[in-house]
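*Asks:* The structure's right below; bear with me while I get my questions together.
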Amino acid sequence: MMIEEKVPIHLKVTMTIKEAAEYSSIGINKIDELLKQPNCPFVLFIGTRKLVKRREFEEFIHNRLTI
C-alpha cells in the first residue's frame with residue numbers, strides 16, 4: 001500500500017486558490033478577484049488554470065494595510 005505524502009503549504013512554490021485562501025484566511029472570491037487584476041504579481045497561468053505564487057503572495061499581503 002502506497003502512502004501519498006503531501007508537501008506542506010508553507011513549502012510549496014505555488015498554491016491553488018483554495019490553498020491560498022486556507023493559508024492566508026482571505027476568501028476564495030477575493031483571491032480570485034486579485035488574480036484577475038492586470039499585472040497581478042503573484043498569478044501564474046498554467047494554460048487557463050491560475051495558481052498563486054506563494055512568496056509573491058506573502059510579500060503582497062505583507063506590504064498592504066487593506067485588501
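The values are calculated or read from the model by the stated rules, or taken from the named source; none is laboratory data. Worth saying up front: this structure is predicted, and the values here are computed from it rather than measured. With ideal geometry, Cβ positions are generated from the backbone for all residues, glycine too; neighbour counts draw on all protein chains shown.
Residue-wise test of (1) in contact with an Asp or Glu (Cβ under 9 Å, 6 or more places away or on another chain); (2) at pLDDT below 95.
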residue: I3; (1), (2): no, yes
residue: I9; (1), (2): yes, yes
residue: T16; (1), (2): no, no
residue: E19; (1), (2): no, no
residue: I26; (1), (2): no, no
residue: L35; (1), (2): no, no
residue: F45; (1), (2): no, no
residue: F57; (1), (2): no, no
residue: T66; (1), (2): no, yes
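*Asks:* Do any helices (runs of 4 or more DSSP H) lying entirely in region 16-67 carry at least 2 residues that are in contact with a Phe, Trp or Tyr (Cβ under 6 Å, 6 or more places away or on another chain) and of a type outside the set (S, T, N, Q), and which ones are they?
*Replies:* Here the list reads 54-62.
*Asks:* Show the residue pairs that are 6+ apart or on different chains and have beta-carbon atoms under 7 Å apart, the first residue being within region 1-15 and more than 26 Å from F45 (Cβ to Cβ), the second being in a loop (DSSP other than H, G, I, E, B) and among the hydrophobic types (A, V, I, L, M, F, W, C).
*Replies:* That search, which allows pairs on different chains as well, returns nothing.
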